[in-house]
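What follows is one structure encoded as structure tokens, with my remarks underneath.
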Amino acid sequence: MATYHLRVKNDTQPSGTKVSAKRHADYILREDGKSHADYINREGAQGEKTDCVFKDSQLPKWAKGSAQKFFSAATRYESKGNRRYKEIELSLPNELTLEQNREVVDKFIADHLSNHYYAYAIHEKNGELSGERHPHVHIMFSERLIDDVEKKSERPAYKYFRRAARPLKGEQVASFERRREHGAPKAPKWHDKKYLCEMRADFARIQNEVLAKNGFSIRVDHRSLKAQQSEAEEHGNDFLAKVYKRMPESYIGIISAHEEDGLAADVKRFRGKVQNRQHSLFQDDMRKKTAQEEETKFLVRQAEYASHSLLNSQAYKSANLADEALNGLNQGILSGLARIQKLKRNLVGFLDAREHARKEYLPVADYQFLLDYENKMRECEELERLSKELIPPTRKYPEELQAFQTITRGIDKKISDLRSFLAQHNSQYWAILGKLEEPYRRKNVELVMHRLLQNDLDVLRELKKTSTTVLKNLDALRAKIEVQEIPKTVFTAREVRDHLFEQYRSLKKQREEDIDTCNSLMLKHIFPSEAISIAKNIFVHDGFKKLRTEQEEYEKALAKYEREMSEMRERELLFSNRKWTNRAEKFQAQYYLTKEKINLEETGRRLSETKLRLESELTRLERLCQTKEAQEKIALLAADILHKSLKIVLEYEEAKKRVGDLYEKLQEAKKRFNAFDEGYRSLKPNRVYRVIQPESNSTKTSNLKENELVAIIADALLGEPYAVQLVARFGDNNLEMEKDWEMMSELDKDELINRKMVREL
């Protein structure tokens with residue numbers, strides 16, 4: 001887990017006692033067999049050096065590559081009271097490999113220690129408290145610079161550590177010769193607190209650059225928790241503001257970490273509380289973000305659906321969009337939809353964020369196994385669903401039933417293999433998920449997810465704003481282009497007759513269209529045997545398709561060859577039956593006939609070779625499809641093809657049902673029109689009728705459509721008792737006077753009913 005730690009130490013213990021430079025170099029570089037445990041327990045040399053994984057140095061020639069020799073000379077020759085060395089202790093990101101961490105160290109040294117003699121060692125061990133991998137580096141260096149004198153000609157050890165030459169009176173800088181005889185100057189920056197702050201910031205920058213370069217989105221921050229909290233609050237990031245709102249952790253040394261009581265136990269408890277608190281805050285933050293994401297996606301779907309509905313409507317197609325007002329609204333809708341599509345591509349989402357974080361914090365092998373296992377889980381679920389959804393062939397031919405059984409057997413075999421794999425590797429899968437729940441790894445996974453989803457907030461806000469604007473423009477445009485028709489409520493007998501005929505004609509046309517749709521879907525319907533043929537062709541990479549193309553070319557060439565052979569035989573017969581008077585003409589004709597015969601024989605030979613090649617290729621392709629592995633794959637491919645055509649099957653069944661329903665409605669409409677047309681002459685064509693809404697029946701007759709109103713009036717005029725009581729008539733054309741409407745009289749009812757009885761008899 002990437003954490004920030006930079007500590008600069010001097011050669012003096014807190015008690016004021018000087019630390020041996022040589023012994024400290026031995027400890028850092030693990031020389032003379034000394035390990036970290038020696039330092040902790042103050043014991044003798046151990047046989048193995050387990051935690052020092054890399055070391056390097058920049059030393060003068062007289063040190064002969066030995067940091068111990070260099071720092072022993074510093075102890076011997078430095079003036080009393082002078083610091084013999086300084087040490088920088090850096091924590092390195094445990095996400096990075098050794099080579100990547102070396103890049104971090106090399107960049108830091110190049111920025112801050114390139115003009116100093118130094119030695120460093122990278123240690124890698126598990127943290128005493130956290131138990132996680134804890135790479136870090138110790139850099140020991142002399143404050144004395146590698147000045148221009150040293151670069152030109154190195155001083156011996158006893159001169160290098162002398163006091164640096166001071167300029168004489170009248171000199172701004174001491175002369176080169178005097179500086180050669182004195183020691184190298186010490187860099188004043190190591191006494192400047194401002195420089196220490198700059199170095200801390202630079203080390204954070206270097207780590208973040210290397211982390212980003214190697215695909216990690218986690219970042220380190222050199223600032224205090226309070227400063228980070230203030231920045232989070234300023235940017236409205238409540239989650240991070242609450243995470244950083246805590247006391248900083250107490251520093252604990254290596255010796256204290258091994259004590260059973262005291263500071264180490266307190267630090268462990270503190271870390272546990274911090275981790276649990278962050279996890280709780282993260283879950284609350286995810287719930288809020290997920291709810292916001294779902295709300296915005298719902299609004300986007302509304303905008304897209306409403307736009308699709310309006311832009312494909314007849315009112316939109318017939319509207320004059322060149323009008324300035326309409327054009328402005330239309331362009332606003334179209335640009336808004338384009339903006340929505342662009343924003344959707346920038347949206348990460350919860351699942352993708354989780355996948356990205358898991359990829360960062362799992363070893364490559366574990367992450368690949370996790371992907372493979374979860375893909376097989378999904379594949380198994382999809383195959384089980386597919387097995388339930390597949391519809392047996394409607395054509396009860398033996399070859400179709402056999403093909404369907406082959407496909408279902410292939411699906412069952414694949415499901416069985418997948419279940420076996422999942423059961424066999426179930427423990428490994430949960431062990432990897434357990435790694436993601438380890439506190440230190442879980443913490444970083446949550447931080448990565450939060451960062452990605454935090455970036456989504458701006459996208460979600462823009463999506464919500466754009467979708468709302470699109471919906472407003474849609475409502476405005478719809479109000480301008482859609483003319484609200486006032487439903488007709490009163491009808492003359494003539495209008496009732498015309499409506500009945502139009503209903504009959506419309507139903508007939510709709511039924512004819514649905515029959516055409518059924519026929520079209522029937523042609524697109526894929527049966528099991530066809531699915532297997534298509535799957536076999538896919539399995540051999542279009543081999544059967546290419547073979548069919550060559551077969552068609554061969555058959556065309558063969559037909560042409562047979563036609564030409566037949567013509568040649570006729571010419572041979574004519575040649576033999578003809579009485580030649582000119583010998584030269586006969587020889588010439590015989591020459592051309594023989595030449596053509598030879599050419600046709602060559603063509604026949606080539607066609608025979610092509611036939612053999614095609615038969616051989618067909619045999620080879622069939623043999624490829626006969627292996628056990630091939631049959632399993634072909635069965636799965638065929639199942640997928642059948643599943644994709646399932647939509648067509650369902651559309652076909654639905655269209656077929658519509659055709660049946662429309663037939664019944666069509667017969668009813670035809671019967672009603674014929675009956676009404678038969679009695680039409682006895683009605684007054686201009687008498688007006690309407691459906692009334694008495695209190696007792698208001699719920700039944702309110703909000704009826706025009707066709708339904710016409711049907712009720714027609715039934716009333718045909719003498720249907722239920723309809724007669726709902727229809728009122730008007731004696732003349734003064735429709736303004738509502739009081740002139742009256743219920744059809746009992747005499748009218750009796751007349752209509754008697755007419756109906758006579759008609760039925």
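Have a look at VAL149, VAL220, VAL137, VAL210 and point out the one that is within 54 Å of the chain's Cα centre (by Cα) and more than 30 Å from GLN454 (Cα to Cα).
Details: VAL149 fails: within 54 Å of the chain's Cα centre (by Cα); VAL220 fails: more than 30 Å from GLN454 (Cα to Cα); VAL210 fails: more than 30 Å from GLN454 (Cα to Cα).
Result: VAL137 is the single residue among VAL149, VAL220, VAL137, VAL210 that is within 54 Å of the chain's Cα centre (by Cα) and more than 30 Å from GLN454 (Cα to Cα).
Just one of (1) within 24 Å of the chain's Cα centre (by Cα); (2) closer than 16 Å to ILE532 by Cβ trips up CYS380, so point out which.
Of everything listed in (1) within 24 Å of the chain's Cα centre (by Cα); (2) closer than 16 Å to ILE532 by Cβ, CYS380 misses just condition (2).
Which one of these is modelled with pLDDT of 90 or more and crowded, with 18+ Cβ neighbours inside 10 Å: LEU521, LEU463? Working first, answer last.
Values: LEU521 fails: modelled with pLDDT of 90 or more.
Testing whether each residue is modelled with pLDDT of 90 or more and crowded, with 18+ Cβ neighbours inside 10 Å leaves just LEU463.
Any residue that is in the same structural domain as LEU593 (by TED's automatic domain parsing), of a type in the set (S, T, N, Q) and out of contact with any strand residue (DSSP E or B) (no Cβ under 7 Å at 6 or more places or on another chain) - is there at least one of those in region 546-553?
Checking region 546-553: at least one residue is in the same structural domain as LEU593 (by TED's automatic domain parsing), of a type in the set (S, T, N, Q) and out of contact with any strand residue (DSSP E or B) (no Cβ under 7 Å at 6 or more places or on another chain).
Hand me the list of helices (runs of 4 or more DSSP H) wholly inside region 157-221 holding 2 or more residues that are buried (at least 17 other Cβ atoms within 10 Å of the Cβ) and among the polar types (S, T, N, Q). Steps first, please.
Values: elements: 157-160, 176-181, 193-213.
Per the criteria, 193-213.
Just one of (1) surrounded by 16 or more Cβ atoms within 10 Å (Cβ to Cβ); (2) at pLDDT 85 or above; (3) more than 18 Å from THR97 (Cα to Cα) trips up GLN368, so point out which.
(1)
Given the criterion charged (D, E, K, R), surrounded by fewer than 16 Cβ atoms within 10 Å (Cβ to Cβ) and in a helix (DSSP H, G or I), identify the matching residue among LYS414, LYS388.
None of the other options fit; the residue is LYS388.
Return the only residue of LYS317, LYS344 being touching a residue at least 60 places away in the same chain (Cβ under 8 Å) and either exposed (fewer than 15 other Cβ atoms within 10 Å of the Cβ) or of a type in the set (Asp, Glu) (or both). First the steps, then the outcome.
Values: LYS317 fails: touching a residue at least 60 places away in the same chain (Cβ under 8 Å).
So the residue among LYS317, LYS344 that is touching a residue at least 60 places away in the same chain (Cβ under 8 Å) and either exposed (fewer than 15 other Cβ atoms within 10 Å of the Cβ) or of a type in the set (Asp, Glu) (or both) is LYS344.
Which residue is farthest from LYS644 (Cα to Cα), if the candidates are limited to region 527-542 and must be β-branched (Val, Ile, Thr) and within 31 Å of the chain's Cα centre (by Cα)? It would help to see each step written out before you state the result.
Of region 527-542, the ones β-branched (Val, Ile, Thr) are 532, 534, 538, 540.
When the remaining residues are screened for being within 31 Å of the chain's Cα centre (by Cα), the result is 534, 538, 540.
Values: ILE534: 13, ILE538: 15, VAL540: 20 Å.
If we take residues in region 527-542 being β-branched (Val, Ile, Thr) and within 31 Å of the chain's Cα centre (by Cα), then VAL540 is farthest from LYS644 (Cα to Cα).
Tell me which strands (runs of 3 or more DSSP E) are completely within region 51-145 and hold 2 or more residues being closer than 17 Å to VAL210 by Cα, or say none if there are none. Before the answer, list the steps.
Values: elements: 52-58, 86-91, 116-126, 133-145.
Once the strands (runs of 3 or more DSSP E) in region 51-145 are filtered for at least 2 residues that are closer than 17 Å to VAL210 by Cα, what remains is 86-91, 133-145.
Output the qualifying pairs, or none if there are none: Cβ atoms under 7 angstrom, residues six or more apart or on different chains, first residue in region 222-243 and without any contact (Cβ under 8 Å) to a residue 12 or more places away in the chain, second residue among the small types (Gly, Ala, Ser).
That search, which allows pairs on different chains as well, returns GLU233/ALA241.
Just to verify a result, which residue in region 582-633, among those that are surrounded by 12 or more Cβ atoms within 10 Å (Cβ to Cβ), under 15 Å from VAL540 (Cα atoms) and without any contact (Cβ under 8 Å) to a residue 40 or more places away in the chain, is farthest from the chain's Cα centre (by Cα)?
ARG620
The values are calculated or read from the model by the stated rules, or taken from the named source; none is laboratory data. Keep in mind the model is a prediction, meaning the values are calculated, not measured. For neighbour counting, all protein chains shown are included, and Cβ atoms are generated from backbone atoms with ideal geometry for every residue, glycine included.
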